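The values are calculated or read from the model by the stated rules, or taken from the named source; none is laboratory data. Keep in mind that this is a model prediction, so the values were computed, not measured. Here Cβ is always computed from backbone atoms with ideal geometry, including for glycine, and neighbour counts include all displayed protein chains. The protein model used for the area step is the full one, side chains on, heavy atoms only, and it has no ligands, DNA or RNA in it. Shrake-Rupley method; radii C 1.70, N 1.55, O 1.52, S 1.80 Å.
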Amino acid sequence: MGTMFARGLKRKSAEDGEDVEGGLAGAQAMPSYSLQRQSLLDMSLVKLQLCHMLVEPNLCRSVLIANTVRQIQEEMAQDGTWRVVAPQAAGRAPLDRLVSTDILCRSVREQEGERPAPDAGDGHTPDLVPGLATVPSAQALRNPQSSLWEVDSSRENRGGFQKSLDQIFETLENKTSGSVEELFADVDSSYYDLDAVLTGMVGSTQSGHGSGLQAFSPATAAPPSSSCRSDLGELDHAVEILVET
Amino acid sequence: MSADIISTVEFNYSGDLLATGDKGGRVVIFQREQENKSRPHSRGEYNVYSTFQSHEPEFDYLKSLEIEEKINKIRWLPQQNAAHFLLSTNDKTIKLWKISERDKRAEGYNLKDEDGRLRDPFRITALRVPKLKPMDLMVEASPRRIFANAHTYHINSISVNSDHETYLSADDLRINLWHLEITDRSFNIVDIKPVNMEELTEVITAAEFHPHQCNVFVYSSSKGTVRLCDMRSSALCDRHSKFFEEPEDPSSRSFFSEIISSISDVKFSHSGRYMMTRDYLSVKVWDLNMESRPVETHQVHEYLRSKLCSLYENDCIFDKFECCWSGSDSAIMTGSYNNFFRMFDRNTRRDVTLEASRENSKPRASLKPRKVCTGGKRKKDEISVDSLDFNKKILHTAWHPAENIIAVAATNNLYIFQDKVN
């Protein structure tokens, strides 16, 4: 599992090396922009799923998240155009630091020109991540052909994403909120399982708002309602199997 | 989350009354005490005047969904007689409440005893005129109108028109116009719902009537735009008269650009010449005659820009902060995190950060300005960005229409501050 993950990274860095001055030193241990972008995408999809089961979801929030997902998709589709290398050279960020606040928040101009911020490896990156870190491996395990790190697969997945977004808005429209599974009823099973895994991982980590940025980590959204929890409980079992593989 | 979290704060037109709504559907009204003549320097304090349950939780059986009782907005009507009227709304239903005082009681009825028991008419041998006697003040709130079933989506705004006869209510996709006397129908004046919901990319976030021109209103969107509409031009105001949007700086674009540009509140100035919009990181003042860009931009908490990913993760990036003008429009105020709120003086261009918390201020003591340390060495009394408490958010603030008195809602506490009298 770890090997496949690292391999994916190395492949990416070989592509990047040509484009960027200075290349990616120690890319094996460093989360690249693509990885972080992928994490953001995964997080966004989880957020869209974790809607309140009892009360209608906040439409504004859903629309904003869906728009963010679309933006990421579009950029992934044109991969290579205005992407950036993680400028920080600072040693080895551990593999579980996928969601670095710094890179994704920076504008293009900052990323291209300026020095890396020193806080990239600091404590305030979320710990949600231990769950997410295993996901790409799980994904790779399930779909060795359509590795997420390749542009082709992003196009395939885009069909799946688009469908998911449509499903979500259909659901909001029809107001048959039902359970999480309903939102993705028609999506092909492998994609659905990724979401189930993400949901399960998130649900099983400690949730709730911390009082400082450092404590943000476990929460992606409000703690799931009780009906969510029963769904997640069943998924936990599936997740355990994946993680231990 | 507890039911007494304050969800809206609003002064009435004179400033003598201050209404708050909470998550549990309750409305609490405070009244300013009459100033004491023997102590001319002591300002009137606000004390509880009336408390009532405005909305109850409901269940929509068709959709299997709960409808929250949380009060999203309260708006006062201008006072026309001894009673006070306000509109309060939750996600789906708007109610008109009448708040009236009773301080006299009639005594000496003919047909009933003092304890209310009916008297036998045949035993009445003489008639008397009932007399009004003083009693302890009682404040009663009664619902006079219920405006229901007009909104499919969640109501985010209500605004009383300057004609004092109509008002608008806005949800995520539609805006309706009501007559205060008529509850069984409303007119739809804006509809941005796409035919195909899959194409939905933008929602309405706030709406308000112009303070003087009764045919003009504005509404803001999740894409950071404001549309000004004139109801005289057509019945359905899908075509705007003016379109306010600041062009995006392409060099500062990130995945979070759209989310932080989403406008959470829009307010006209009292003069009616300007309007103010609040997005996630800033407050902007617009001249109604210039659509291309705001005339002023005030940074509320720019130090959060590098933390947007974390704030997205824990959903704080979706917090909807409100903003308000001072009575003279010379200053504006809005809330932030860690129980901080910010005030900007438009004339002197000075701004200040203050904190609403019991631990850090004593009653009647001046508030000490606060400062957030954005990097480098933290000075004494500064607080670093990573120490901010993002659960302590000030979303709702209000400014007295004439004096420098402000109301600040910090979770379930209400703070009222006023200018120190020399």
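Let me spell it out: the conditions are (1) under 30 Å from B:Asn156 (Cα atoms); (2) of a type in the set (Phe, Trp, Tyr); (3) touching a residue at least 12 places away in the same chain (Cβ under 8 Å), and B:Tyr61 meets all of them except one. Which number is the exception?
(3)
Scanning segment A:67-81 for residues that are buried (at least 21 other Cβ atoms within 10 Å of the Cβ) and more than 8 Å from every other protein chain (Cβ to nearest Cβ), which turns out modelled with the highest pLDDT?
So the residue we want is A:Val69.
Hey, does segment B:283-293 have a residue that's hydrophobic (A, V, I, L, M, F, W, C), in a loop (DSSP other than H, G, I, E, B) and in contact with an Asp or Glu (Cβ under 7 Å, 6 or more places away or on another chain)?
Scanning segment B:283-293, I find no residue that is hydrophobic (A, V, I, L, M, F, W, C), in a loop (DSSP other than H, G, I, E, B) and in contact with an Asp or Glu (Cβ under 7 Å, 6 or more places away or on another chain), so the answer is no.
What pairs come up if the first residue lies in segment B:123-139 and is farther than 30 Å from B:Ala83 by Cα, the second is modelled with pLDDT under 90 and among the hydrophobic types (A, V, I, L, M, F, W, C), and their beta carbons are under 8 Å apart, counting only those six or more places apart or on different chains?
B:Ile124/B:Leu111
Yes/no matrix, rows are residues, columns are (1) touching a helix residue (DSSP H, G or I) at 6+ places or on another chain (Cβ under 9 Å); (2) open to solvent by 20 Å² or more (accessible area, probe 1.4 Å); (3) of a type in the set (Asp, Glu); (4) at pLDDT below 95:
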position	(1), (2), (3), (4)
B:Glu33	no, yes, yes, yes
B:Gln53	no, yes, no, no
B:Phe59	no, yes, no, yes
B:Glu69	no, yes, yes, no
B:Ile74	no, no, no, no
B:Leu77	no, yes, no, no
B:Leu96	no, no, no, no
B:Asp103	no, yes, yes, yes
B:Ala106	no, yes, no, yes
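Say whether the condition of being within 14 Å of another protein chain (Cβ to nearest Cβ), open to solvent by less than 30 Å² (accessible area, probe 1.4 Å) and among the hydroxyl-bearing types (Ser, Thr, Tyr) is met by at least one residue in segment B:295-314.
Yes, the conditions are met somewhere in segment B:295-314.
Among (1) within 14 Å of another protein chain (Cβ to nearest Cβ); (2) open to solvent by less than 50 Å² (accessible area, probe 1.4 Å), where does B:Gly327 come up short?
Here B:Gly327 clears every test but (1).
Please specify each residue of segment B:229-253 satisfying the condition of being part of a strand (DSSP E or B), under 18 Å from B:Ala206 (Cβ atoms) and out of contact with any Pro (no Cβ under 9 Å at 6 or more places or on another chain).
B:Cys229, B:Lys242, B:Phe243
Contact list please: Cβ distance under 7 Å, first residue in segment B:349-367 and of a type outside the set (Lys, Arg), second residue in a loop (DSSP other than H, G, I, E, B) and open to solvent by 100 Å² or more (accessible area, probe 1.4 Å), pairs at least six apart or on different chains.
Note: pairs meeting the criteria are B:Ser366/B:Lys420.
Does B:Thr334 satisfy the condition of being farther than 19 Å from B:Arg370 by Cβ and either more than 14 Å from chain A (Cβ to nearest Cβ) or hydrophobic (A, V, I, L, M, F, W, C) (or both)?
No; evaluated as a whole, the condition is false for this residue.
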